[in-house]
Amino acid sequence: MALLPILRYPDPRLKKVAAPVLKIDAGIRRLAADMAETMYEAPGIGLAATQVDVHKRLVVIDTSEDKSQLRVFINPVVERCAGSQLGEEGCLSVPGIYDKVERAERVTVRYLDLDGKEQVLEAEGLLAVCIQHEIDHLDGHVFVDHLSQLKQTRIRNKLAKQARVTA
Ligand code: NI
């Protein structure tokens, strides 16, 4: 396994729309394993392939406290959503920035697992937020896109300053 470099907002590659995974082969299984390792190392609770500059519809999520519930979603599609919740979000591609985003409270997501089997999951709370956040990445969106223009400008300036300091 290997740690993968994570793209930082506002890298334009985060805006690419990911293509469906057509075949679940050894390469896809290795990508999922590397993404899981990268997410745990960061540490984070979700990572989309887009964030490691692979533009395929694959997401890893683990919202458990003890890293015991790794979930891999291939070609995930939200079929139903209900309710709303306002929660603070962060993102491994937008380090150090947290803000409130409104999301559905519950989602039903259909996807393929690593064996190519179709699965349907009903999720709520944090897991539902995470699924929506990661599918956004596959569609070329980061959570700051949900904030006001003023906040987006402030965040870009702050991250540009950080990049200069750490470069
Ligand atoms: Ni993110």
### Query
Does the stretch 50-63 include one or more residues that are free of Cβ contacts under 8 Å to residues at least 40 places away in the same chain and among the polar types (S, T, N, Q)?
no
### Query
Where residues in the stretch 122-146 are surrounded by fewer than 16 Cβ atoms within 10 Å (Cβ to Cβ) and touching a residue at least 12 places away in the same chain (Cβ under 8 Å), which of them is nearest to the ligand (Cβ to nearest atom)?
D139
### Task
Taking only the stretch 113-125 into account, find how many residues are in a loop (DSSP other than H, G, I, E, B) and closer than 15 Å to D62 by Cβ.
2
### Message
Please count how many residues of the stretch 126-160 are hydrophobic (A, V, I, L, M, F, W, C), touching a helix residue (DSSP H, G or I) at 6+ places or on another chain (Cβ under 9 Å), part of a helix (DSSP H, G or I) and within 16 Å of P10 (Cβ to Cβ).
### Response
3
### Summary
Residue pairs qualifying under the 6 Å Cβ cut-off, at least six apart or on distinct chains, with the first in the stretch 90-114 being in contact (Cβ under 8 Å) with a residue 60 or more places away in the chain and among the β-branched types (V, I, T) and the second being in a loop (DSSP other than H, G, I, E, B) and within 11 Å of the ligand (Cβ to nearest atom), are V94/Y9
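The numbers here are math on the coordinates, done by the rules we state, and not lab data. Everything numeric here is computed off the predicted structure, so don't read it as measured data. Don't worry about glycine lacking a Cβ; one is built from the backbone with ideal geometry, like all the others, and counts go over all protein chains shown.
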